[in-house]
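Enquirer: Below is the structure I would like to discuss, written out as structure tokens.
FYI, it's all coordinate maths here, none of it is from the lab. Keep in mind that what you see is a predicted model, and the values were worked out from it rather than measured. Every residue, glycine among them, receives a Cβ derived from its backbone with ideal geometry; neighbour counts consider all protein chains shown.
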């Protein structure tokens with residue numbers, strides 16, 4: 001850690017939030033952006049060669065499960081923040097499905113205190129909608145907002161009761177904050193862990209149909225219309241859900257949505273094992289891959305394409321990881337019993353770059369959805385996080401869009417090694433992450449060079 | 001009664017195969033080998049002294065973490081006739097009840113030098129978990145959730161071939177809770193591979209929805225169709241297979257009542273007359289007599305239900321023998 005100025009030379013500075021895209025020098029000083037573009041030569045700076053690299057504002061994750069307090073065997077705020085740094089994220093929003101849940105000001109204080117201890121990666125708290133996320137009693141939202149939460153959610157579970165959701169939207173609207181709903185109709189999805197498609201049929205697993213998401217998205221849109229409240233759809237996964245959000249936006253409702261890297265890049269076929277490459281032949285012992293078990297489930301091929309389309313046309317505002325770390329034994333179980341979720345922070349950027357390299361998504365759009373989109377969720381208190389305009393916080397990620405690397409979960413900072421991407425080769429690597437002017441991840445030297453240097 | 005395929009099988013062992021998780025990865029030769037060996041095992045089973053030394057010194061552990069009588073006893077008996085040491089473990093009173101994970105149970109049995117673990121589990125895919133992690137012990141899937149029940153499908157195939165010869169073009173109607181049935185699923189894949197036409201019949205809530213609506217499916221649609229009207233489905237059938245109806249499923253709202261189910265989907269004498277003359281009537285058991293089948297049929301001439309049980313023992317003898325007595329296994 002250092003308080004010396006940092007100079008990144010000869011780098012492509014891509015600041016989509018400010019329509020700035022130039023190759024030049026980026027100078028960070030005293031925790032803020034001092035200058036961008038052109039060439040500067042401060043005498044005291046740490047100099048980093050940014051040739052052929054891209055610098056953008058640090059990524060913002062609106063949806064991460066950091067597990068503390070209560071599930072420190074899966075993750076802590078410190079390990080989660082370190083994982084974020086390795087993934088290029090400088091702001092993480094911690095979900096409240098902890099134990100105790102983040103359902104009162106004291107727990108918010110605890111989370112924010114742990115975050116400060118963890119270092120310069122910004123960890124913000126999201127508060128629960130109901131006490132204990134049990135769906136029965138509204139939390140004291142005003143107290144939570146005062147303690148600093150940026151949104152409300154019972155994520156992991158939906159707000160199942162429609163009147164509760166109505167009330168939550170009204171209270172949250174009064175505070176200017178969104179209600180984030182995990183849209184899942186349990187009466188349709190109980191006991192499921194996979195999309196209700198051909199793979200579920202093949203494996204004899206109970207399927208979670210698209211209608212299980214769509215029905216709650218539709219309900220929440222109706223309630224947003226009724227209350228004037230701000231409904232944010234967490235981890236949207238279905239073509240139908242995206243279409244509902246698209247129409248709600250056309251009607252001018254206060255509705256926003258996010259999508260995860262895995263719903264943009266993976267499909268139900270991943271549950272067959274072999275990273276989605278298994279064809280329609282006999283199953284292998286790799287089938288029932290619990291690392292591809294997530295809620296909502298990885299969907300059909302058409303849904304994945306619809307998610308990319310919705311991201312491009314502005315229906316979906318942001319990419320959020322839904323980082324859900326678990327222990328080895330949480331996942332080493334029969335499929336129906338295994339925990340849901342993927343460890344995402346450290347693979348998000350590399351996996352998403354496949355969309356760019358594959359011509360599905362412009363790099364600028366990807367960066368917008370990792371920075372500008374989620375920043376808009378955070379309100380004026382956290383302004384300036386999604387741009388590199390001089391004077392804004394020095395949260396920067398430096399990446400090589402073309403470097404290939406192999407996912408080695410043993411090197412994860414996250415305690416959660418639960419990713420179906422283990423061993424996959426990704427193209428696009430985060431090389432340096434700076435949060436509040438401090439280097440929080442230094443991967444400037446490729447691993448291979450390090451090995452050569454040691455031997 | 002026709003004789004089963006007389007042609008000598010092209011292979012003589014399942015080695016190096018160590019696992020039977022489903023039939024989907026069986027070659028046609030392997031299936032013929034199992035069915036041919038089953039025929040020999042039936043002869044052993046018919047002797048007055050039902051014992052051969054083929055698997056002496058082999059340890060088979062049956063791990064049944066879901067209640068079962070027929071399948072477990074069938075495997076146990078098969079192993080004992082072949083002189084293997086068969087040790088039975090069940091859910092209640094076992095370490096599973098004390099919270100031990102399935103994987104740790106499997107590793108423990110392997111460490112005790114089990115040659116083969118025959119397992120049943122409530123969760124689809126549970127045997128695949130052990131297959132991924134156990135490097136020495138073999139695994140036979142004796143039913144996993146609603147996924148597969150390969151030994152049942154093999155014994156059904158054997159029973160059908162024994163009476164019908166080739167199954168090419170034969171019509172098999174499977175009736176009942178198809179969507180949740182591992183017996184149906186394994187039979188659908190086994191029968192369509194053998195060239196039979198399979199018609200699935202039952203309440204629309206208990207049939208695979210994507211087949212009913214003509215959407216993308218894992219089922220081989222060239223050979224498999226759905227029909228909710230039993231009178232139509234059974235027309236010209238060579239085999240009529242009724243599945244066990246789970247009363248829990250009824251109470252869960254999948255159908256209005258047992259009375260309604262019985263009226264619309266019970267196999268009756270009148271309905272059997274619409275099938276081909278000498279059509280086989282089968283049921284994997286245990287049977288709810290008077291619900292899936294009319295009582296008069298359950299004990300009538302067409303039924304092959306008890307024969308299925310006998311063939312089940314012979315089929316499992318064949319499977320155990322071919323897995324444990326191969327050159328690889330004894331090496």
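Enquirer: Considering the range A:351-448, what Rg and Dmax in Å follow from its alpha-carbon atoms?
Expert: Cα radius of gyration and Dmax of the range A:351-448 are 15.1, 43 Å respectively.
Enquirer: Also, quick follow-up: Could you tell me the extents of the range B:150-303's C-alpha atoms along the three principal axes, largest first, rounded to whole Å?
Expert: Largest first, the range B:150-303 extends 40, 39, 28 Å along its Cα principal axes.
Enquirer: Now for a separate question. Take the range A:57-382, drop everything but the C-alpha atoms, weight them equally and run the Debye formula without solvent; then report log10 I(q)/I(0) at 0.07, 0.12, 0.15 Å⁻¹ to two decimals.
Expert: Per q value, in the given order, log10 I(q)/I(0) is -0.25, -0.77, -1.26.
Enquirer: Quick one, can you get me the convex hull of the C-alpha atoms of chain B expressed as volume per residue in Å³?
Expert: That works out to 141 Å³ per residue.
Enquirer: Considering only B:118, B:52, B:86, give the residue with the highest GNM mean-square fluctuation for chain B, with springs between Cα atoms whenever their separation is below 10 Å.
Expert: Result for chain B, Cα springs under 10 Å: B:52 fluctuates most.
Enquirer: Starting from the Cα of residue A:170, step 7 Å along the direction of its Cβ; do the same at residue A:142; then give the gap between the two resulting points in nm.
Expert: So the two model labels end up 1.5 nm from each other.
Enquirer: Of the candidates B:301, B:32, B:156, which one comes out as most mobile in a Gaussian network treatment of chain B with C-alpha springs shorter than 10 Å?
Expert: Highest fluctuation among the options: B:301.
Enquirer: Same structure, new question: Specify the residue with the greatest mean-square fluctuation among B:292, B:29, B:227, computed from a Gaussian network of chain B linking alpha-carbon atoms under 10 Å apart.
Expert: Checking each option, the largest mean-square fluctuation is seen for B:29.
Enquirer: If the chain between residue A:309 and residue A:376 were fully stretched, how many nm would it gain, using 0.36 nm times the residue separation less the Cα-Cα distance?
Expert: 22.1 nm
Enquirer: May I pose another question? Along its three principal axes, how long is the protein assembly as shown when you only count alpha carbons? Whole Å, largest extent first please.
Expert: Largest to smallest, the principal-axis extents are 98, 67, 47 Å.
Enquirer: If one computes P(r) from the Cα atoms of the range B:175-232, what percent of pairs lie at distances over 16 Å?
Expert: Pairs farther apart than 16 Å: 37 percent.
Enquirer: Can you give me the Cα centroid spacing of the range A:175-254 and the range A:1-63 in angstrom?
Expert: The range A:175-254 and the range A:1-63 have Cα centres separated by 39 Å.
Enquirer: Mind jotting down the three principal axis lengths of the range B:123-231 based on Cα atoms? Whole angstrom, largest first.
Expert: So the three principal-axis extents are 49, 33, 21 Å.
Enquirer: Another one. Fewest to most neighbouring Cβ within 10 Å: what's the order for B:188, A:439?
Expert: Going from least to most buried by this count: A:439, B:188.
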